[in-house]
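Below: one structure, written as structure tokens.
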Amino acid sequence: MKQFIKYVAATIVGICLVVAVITIMSLVSLVGMAAMGETTAVVEDNSVLILKLEGSIEERSQDNPFDEIFGSSLLASQGLDDILAAIENAKNDDKVKGIYIEAGEFAGAMPATLQAIRNALVDFKKDGKFIVSYGDTYTQGAYYLCSVSDSIIVNPEGMINWCGLSSQVTYYKDFLDKIGVQMQVVKVGTYKSAVEPFLISEMSDANREQIETYDGEIWGEMLKAVGKSRGITSDKLNELADSAMLFRDTKTYKKEKLVDKIAFSDEMPKIIANMMKVDDADDYHTVSVKDLAGIAASEPKSTSGDIIAVYYAVGDIVQESETDAFSNESQIVGKTVIKDLQKLAEDDDVKAVVLRVNSGGGSAYASEQIWHQVMNIKSKKPIVVSMGDMAASGGYYISCASNYIFAEPTTITGSIGIFGMFPTAGELLSNKLGINFCTVNTNEHADFGDISRPFTESERSIAQAYVNRGYELFTKRCADGRKMKQDDIKKIGEGRVWTGVHAKQIGLVDELGGLDAAIAKAKKLAKVDDASVIGYPAKSNFFDELMNEVTSSNSYADAQLKNNLGEYYNIFNNLKNVNRKTGVQASMPYIMNFNL
């Protein structure tokens, strides 16, 4: 028996050693792959930048060590920062003659992200360089980007989705009624419809008004841009959108000037060679977005030692990290951001800060704490805000104190309002699950917020007064920051959402433009010409990401959910995050979705 136990133990030890050796070898291999991938690319003469439209586009790139092993193009994500850096670098490199856009399995992006990329592509062409695009199927967002091309090519059996914008709000009240849960809501703002899906079963007139307004303005921007590039009037583009273009044949696409050529994908190398004015595909070279973005990142820093810090504030605003087992979403964690901004304020090498905001808001408390740190920076050096896809509600709260605010024309901003949402599940617990509670209080409000019962009239009045004070503070912060009267802020507040174009007209932003314009303004305000532009927080290195992926399945699980649930992912995600929306919030009306 002793011999048997000894052999079993030896076998177990052997297996553990083999697993350990294999793990170490795998890690070494991955490290080697990373080292090879981090080698600075060499751009050869007669090069073409390949821009693949696949997966989703996030605010910043983040390397995933397992993407190439387990991922697919639908699960992949690209960083807007990498794409813009690559296009800029391609524009300034005489060896790069053009850009080839592949419209692949593109999951889309928010309008402002697409607009920023398209503006960069338009700028790229100013020096006479070409852009050509090919797609088997063009999503509406992909076509909006590719419309800037000198030549748009579609597969003979390809499709173009050009249909206009559609925004859908999902309502949960009837579902909650069925399971015996109610949401007790106190709010300020006629248009503050974040809570609407939990209270009613159909869209309110106020919410429909604001959606129709911003959808119309964003669609108008798209019509103007595509029409200018393709030589088609807005009226004609609207007519085409109404004619179910997705199901029309490719000859119709060419006839209506949506495309220039019809060809198979294997014909593209020859077409690109012709645009390059070389004999065949062997006479030109290709370079990827990652390669050119890496070259831009590896360029020497300013010899002056001066820094323009670009701080990325992306995601829901929370006081402490609230990630769970099925999500790897970005968050603006108040406690972390406060410390980061304090360091930037105290760093004498940092001459100005650009706060890049992409957030629909969140915790009113955390927003106030971040606002305080923005004011701290402002007292010592310039701080400029660059709004991305969204800088609304709490996202606007943390922006309003800055020296200057930039937004894209299609940025979603405003939503100056506040609400409190408190669930009560008495019917679910008592009538459906048979769970009853008996409570003994020493004071009237000792069990305030108990989910087993609804508010009393006194408690509702207390909650409403608290939210009212929050709204007064929010509007005062906005009024002071924008140098406006508080009553005027309230008139354009009420929780209403605005596009960047409209926000500029009513004084919520100073100028329309992207991150590059905000950086230029920061340099001007700081009176520095030669300064290094450095992004904060620093991106995770290979080992950090590797360990995160090894110890957590969050990002992969969330990506799989997005892939499998498709358009229903937002419904799942919204219900899952209801607990984050309880308490007092300065948050967007709902999860925004555009068919892009």
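Here LEU292 meets the list (1) under 21 Å from ILE87 (Cα atoms); (2) modelled with pLDDT of 95 or more almost entirely, failing just condition (2). Can you name every residue in region 388-445 that is over 23 Å from TYR214 (Cβ atoms) and β-branched (Val, Ile, Thr)? Residues satisfying the conditions are THR424, ILE435, THR439, VAL440, THR442. The requirement of being surrounded by 15 or more Cβ atoms within 10 Å (Cβ to Cβ) and without any contact (Cβ under 8 Å) to a residue 24 or more places away in the chain is not satisfied by LEU199. When region 488-542 is filtered for residues that are under 27 Å from ARG477 (Cβ atoms) and assigned to a loop (DSSP other than H, G, I, E, B), the ones remaining, listed by number, are GLY493, GLU494, GLY495, ARG496, ILE506, GLY507, LEU508, VAL509, ASP510, GLY513, GLY514, PRO537. Evaluated against (1) in contact with a helix residue (DSSP H, G or I) (Cβ under 7 Å, 6 or more places away or on another chain); (2) under 23 Å from VAL181 (Cβ atoms); (3) touching a residue at least 12 places away in the same chain (Cβ under 8 Å), GLU459 falls short on exactly one condition, (1).
Among the residues of region 497-504, is there at least one that is at positive phi and buried (at least 18 other Cβ atoms within 10 Å of the Cβ)? No: zero hits.
Taking the numbered list (1) assigned to a helix (DSSP H, G or I); (2) within 30 Å of GLY449 (Cα to Cα); (3) in contact (Cβ under 8 Å) with a residue 40 or more places away in the chain in turn, VAL337 passes all entries but (3). Residue count for region 84-129 satisfying the condition of being β-branched (Val, Ile, Thr) and in contact with a Phe, Trp or Tyr (Cβ under 8 Å, 6 or more places away or on another chain): 3. Scanning region 133-151 for residues that are touching a Gly at 6+ places or on another chain (Cβ under 7 Å) and of a type in the set (Val, Ile, Thr) turns up THR137, THR139. Out of everything in region 454-495 that is under 12 Å from TYR396 (Cα atoms) and modelled with pLDDT under 95, what residue ends up being nearest to the chain's Cα centre (by Cα)? Checking each candidate, the answer is GLY495. Return a yes/no flag: does region 217-227 have any residue that is farther than 22 Å from ILE131 by Cα, surrounded by 15 or more Cβ atoms within 10 Å (Cβ to Cβ) and touching a Phe, Trp or Tyr at 6+ places or on another chain (Cβ under 8 Å). Looking for residues that are farther than 22 Å from ILE131 by Cα, surrounded by 15 or more Cβ atoms within 10 Å (Cβ to Cβ) and touching a Phe, Trp or Tyr at 6+ places or on another chain (Cβ under 8 Å), one finds at least one in region 217-227, hence yes. Here ALA446 clears all of (1) of a type in the set (A, V, I, L, M); (2) part of a loop (DSSP other than H, G, I, E, B); (3) touching a helix residue (DSSP H, G or I) at 6+ places or on another chain (Cβ under 7 Å); (4) surrounded by fewer than 21 Cβ atoms within 10 Å (Cβ to Cβ) except the condition numbered (3). Would you mind telling me which numbered condition in (1) within 27 Å of the chain's Cα centre (by Cα); (2) under 20 Å from MET245 (Cβ atoms) ALA116 fails? Checking ALA116 against (1) within 27 Å of the chain's Cα centre (by Cα); (2) under 20 Å from MET245 (Cβ atoms), the one that fails is (2). Pull up region 331-359, narrow it to residues that are of a type in the set (S, T, N, Q) and closer than 19 Å to GLY315 by Cβ, then point me to the one that is surrounded by the most Cβ atoms within 10 Å (Cβ to Cβ). Selected residue: SER359.
Kindly evaluate ALA107 against the criterion of being surrounded by 24 or more Cβ atoms within 10 Å (Cβ to Cβ) and not assigned by TED's automatic domain parsing to the domain that holds MET387. Talk me through it step by step, then tell me what you get.
Working: surrounded by 24 or more Cβ atoms within 10 Å (Cβ to Cβ): no; not assigned by TED's automatic domain parsing to the domain that holds MET387: yes.
No; evaluated as a whole, the condition is false for this residue.
Would you point out the residue of region 189-203, among those that are under 23 Å from the mean Cα position of the chain (by Cα), part of a helix (DSSP H, G or I) and not hydrophobic (A, V, I, L, M, F, W, C), that is farthest from GLY493 (Cα to Cα)? Only one residue tops the list, namely PRO197.
Could you pull out the residue among ILE117, ILE153 that is modelled with pLDDT of 90 or more and assigned to a strand (DSSP E or B)? Even if it seems obvious, please write down each step before you answer.
Numbers: ILE117 fails: assigned to a strand (DSSP E or B).
Just one listed residue meets the conditions, ILE153.
Does SER193 satisfy being hydroxyl-bearing (Ser, Thr, Tyr) and modelled with pLDDT of 90 or more?
Working: hydroxyl-bearing (Ser, Thr, Tyr): yes; modelled with pLDDT of 90 or more: no.
So SER193 does not fit the description; no.
The values are calculated or read from the model by the stated rules, or taken from the named source; none is laboratory data. Predicted model only: the values in this text are computed from it and were never measured. Glycine also receives a Cβ, built like all others from the backbone with ideal geometry; neighbour counts cover every protein chain displayed.
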